[in-house]
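Asker: First the structure, then my questions, so here it is.
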Amino acid sequence: MKNEPSLNRIDFAFAEFLAQKTQLRGEDKQRFKAIIENLSNAKTQGHSCISIKGGDKLIIEQSGVADNSGEKPLVLEHEKLYFQRYWQYESQLAKTIHRLTTKKIAADRGGKLLDQYFPSESTDEIDWQKQAAKAAINDSFCIITGGPGTGKTTTVVKILALLQELSQGQYLNIALVAPTGKAAMRLKESILKSKLVLECPNEIKNVIPENVQTIHRLLGVRQFSPYFKYNEKQRLAFDLVVVDEASMVDLPLMTKLLSALALDSRIILLGDKDQLASVETGAVLADLSKGLTSYTQELKKSYRFSGNIKTLATAVNLQNSSEAWQVIDASEADASLLNTDLIEYIVDKTTNYFKLIVDKSDFKSVYTEFNRFQVLCATRVGNLSIEDINNRVLKKLKKNKTVNSTNDWYIGRPILITQNAPALDLYNGDIGLCLSEGTKLVVCFLMPDGTVKKYLPARLPHCETVYAMTIHKSQGSEFDEVLLVLPEKTMPILTKELIYTGITRAKKKVQLVTSKTVFIETINRKVERESGLIDRLLCDGIASIT
């Protein structure tokens, strides 16, 4: 992606440190530092490597701290420069995928069972879900991608039923995971709904799992460590792992997850390849979908996502900026520009939420009400950021006497966990609500298994108020209504993937706060993360770019 944000002090400090380890002098040493500053900054922006050639490549080769062995701080492979760790992640991921894709389960399983679970609606239409199911039951590695409402969860539940029937009584041990607690809850809800209408024997329904956990919890988090309990030396005991919202999974985590699979295990990745890439390094799902076309099944028919929200999302995804602007400028009920005061509108949307709290309604009702509406912002700081909007909303709530506290903690404060705390079973992205219990305040969380956990505010890891959240944090969530707020000026973070992700969080209504200039420039900018993953898969002979 062009126009990367400026360098920070860490970039400069690390480049200076590494330059001192080289054999370079004078101008070559200064140029080396500039290259490493660029590499460090690129890693911060999500790239796993940078392209390098000519004189810069020669300087790196002469530095003494880089080669293609993976044993020095830098890896120079062909015309790509990596930090050693990220080269190792890419190499390990490609190696694991190569093993998975070269292990066929059977030549062609399914037969009549496929027809039973996916009866043809029309001979003129391709049954994308049936095609995906056929691939998933015959391969150890399968990607199922599709936009909102294309039936990814419905399809995977049928796949699980098919696999259990084909196991002939030797039922598979299956793990269902998602990157965040919120995404795990959504997957569990979808699976429960899909199982209600699933036409199969009860004994098969009973062995389709319903519990969903985060990837971190599955792998076994180790406090204050980047490593997990389960890894390539101590592997997970599952026959199949299903990963939802796979677009959110970064390169290190995807590598660690796949490396921890049992040698005879299989994996299904579910997600929307057109959504935002992970917050951290890599664009793994997009890369794999692009490179492994023969292992990727795209669901193309939408069953519930329609109207102007779908039209808008499609136009944004295709970078048809003029059509996208026409949709929201027409002031249609389900997709439009906000035409009233921003803060007044948000505060008005909290009315029912605070009323339920005053009425002492049960937590799940309060939680459901809060999650009907969400403000999504592109930025964390500055005008029209989450910091700006959260502060202004709270100030208005206090002025209206809805909130009557001068403390940070008050009845009704919604918070977002921003730091993993495995000992508390709380993870980055979890949403909690501060309520009263007798004379004390407690923060309540709805867990992926449907239970409610309560914590004293002082026990919580780092968190922030969440009347507004970033679009990145909203991934894996879904709301009846979304208010999408863009900054007043264009900036590198604004891309068509960002807007597409924000729009597709809305089920019934989306409104935007933006200018035409910022909106159109954003749609015309696309995320382009640099990596060598596709090239590595090509070298292994399993990628097939079309």
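Asker: I'd like the full set of residues that are at pLDDT below 90 and either closer than 21 Å to Ser190 by Cα or open to solvent by less than 80 Å² (accessible area, probe 1.4 Å) (or both), limited to the stretch 120-134.
Answerer: Ser122, Asp127
Asker: Scan Leu292, Leu251 and give me the residue that is modelled with pLDDT of 90 or more, under 15 Å from the mean Cα position of the chain (by Cα) and farther than 22 Å from Lys158 by Cα.
Answerer: Leu251
Asker: Could you run through the stretch 410-468 and say how many residues are closer than 30 Å to Pro226 by Cβ and of a type in the set (Val, Ile, Thr)?
Answerer: Qualifying residue count for the region: 8.
Asker: Please work out which one of (1) open to solvent by less than 70 Å² (accessible area, probe 1.4 Å); (2) farther than 17 Å from Lys349 by Cα; (3) not charged (D, E, K, R) is the condition Leu456 fails and give its number.
Answerer: Against the list (1) open to solvent by less than 70 Å² (accessible area, probe 1.4 Å); (2) farther than 17 Å from Lys349 by Cα; (3) not charged (D, E, K, R), Leu456 comes up short only on (1).
Asker: Quickly run through the stretch 14-52 and pick out the residues that are surrounded by fewer than 20 Cβ atoms within 10 Å (Cβ to Cβ), outside any helix (DSSP H, G or I), in contact with a strand residue (DSSP E or B) (Cβ under 7 Å, 6 or more places away or on another chain) and not aliphatic (A, V, I, L, M).
Answerer: Across the stretch 14-52, the qualifying residue is only Ser51.
Asker: Report whether or not Leu269 is within 19 Å of Gly146 (Cβ to Cβ) and among the hydrophobic types (A, V, I, L, M, F, W, C).
Answerer: yes
Asker: Name the residues in the stretch 299-312 that are within 18 Å of Lys152 (Cα to Cα) and either open to solvent by less than 20 Å² (accessible area, probe 1.4 Å) or touching a helix residue (DSSP H, G or I) at 6+ places or on another chain (Cβ under 7 Å) (or both), would you?
Answerer: Leu299, Lys300, Lys301, Ser302, Phe305
Asker: Every residue in the stretch 256-304 that is of a type in the set (Ser, Thr, Tyr) and in contact with a Phe, Trp or Tyr (Cβ under 7 Å, 6 or more places away or on another chain), please.
Answerer: Once the filter is applied, which keeps residues that are of a type in the set (Ser, Thr, Tyr) and in contact with a Phe, Trp or Tyr (Cβ under 7 Å, 6 or more places away or on another chain), the stretch 256-304 yields Ser265, Thr281, Tyr295.
Asker: Before we move on, is Ser51 within 37 Å of the chain's Cα centre (by Cα) and without any contact (Cβ under 8 Å) to a residue 12 or more places away in the chain?
Answerer: Considered against the rule, which asks whether it is within 37 Å of the chain's Cα centre (by Cα) and without any contact (Cβ under 8 Å) to a residue 12 or more places away in the chain, Ser51 comes out as no.
Asker: Here's something else I'd like to know. Part of a loop (DSSP other than H, G, I, E, B) and either in contact with a Pro (Cβ under 6 Å, 6 or more places away or on another chain) or surrounded by 23 or more Cβ atoms within 10 Å (Cβ to Cβ) (or both): does that describe Ser278?
Answerer: Yes: the conditions hold for Ser278.
Asker: Here's another thing I want to ask about it. Kindly evaluate Leu342 against the criterion of being open to solvent by less than 70 Å² (accessible area, probe 1.4 Å), among the aliphatic types (A, V, I, L, M) and more than 24 Å from the chain's Cα centre (by Cα).
Answerer: yes
Asker: Sort through Val482, Val466 and tell me the only one that's open to solvent by less than 30 Å² (accessible area, probe 1.4 Å) and touching a Pro at 6+ places or on another chain (Cβ under 6 Å).
Answerer: From the options Val482, Val466, the qualifying one is Val466.
Asker: Next question, about the same structure. Search the stretch 56-80 for residues that are closer than 12 Å to Ala19 by Cα and pair each with any residue that is surrounded by fewer than 18 Cβ atoms within 10 Å (Cβ to Cβ) and among the polar types (S, T, N, Q) when their beta-carbon atoms are under 6 Å apart and the residues are at least 6 apart or on different chains.
Answerer: Gly64/Gln23; Pro73/Gln84
Rundown of residues vs (1) among the polar types (S, T, N, Q); (2) open to solvent by less than 80 Å² (accessible area, probe 1.4 Å); (3) closer than 23 Å to Leu494 by Cα, yes/no style:
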| residue | (1), (2), (3) |
| --- | --- |
| Val347 | no, yes, no |
| Lys360 | no, no, no |
| Thr368 | yes, yes, no |
| Thr379 | yes, yes, yes |
| Glu387 | no, no, yes |
| Asn390 | yes, yes, yes |
| Lys395 | no, no, no |
| Gly412 | no, yes, no |
| Ile415 | no, yes, no |
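The values are calculated or read from the model by the stated rules, or taken from the named source; none is laboratory data. Model, not experiment: these values are computed from the prediction. For neighbour counting, all protein chains shown are included, and Cβ atoms are generated from backbone atoms with ideal geometry for every residue, glycine included. Ligands, DNA and RNA are excluded from the accessible area calculation, which covers all protein heavy atoms including side chains. Shrake-Rupley method; radii C 1.70, N 1.55, O 1.52, S 1.80 Å.
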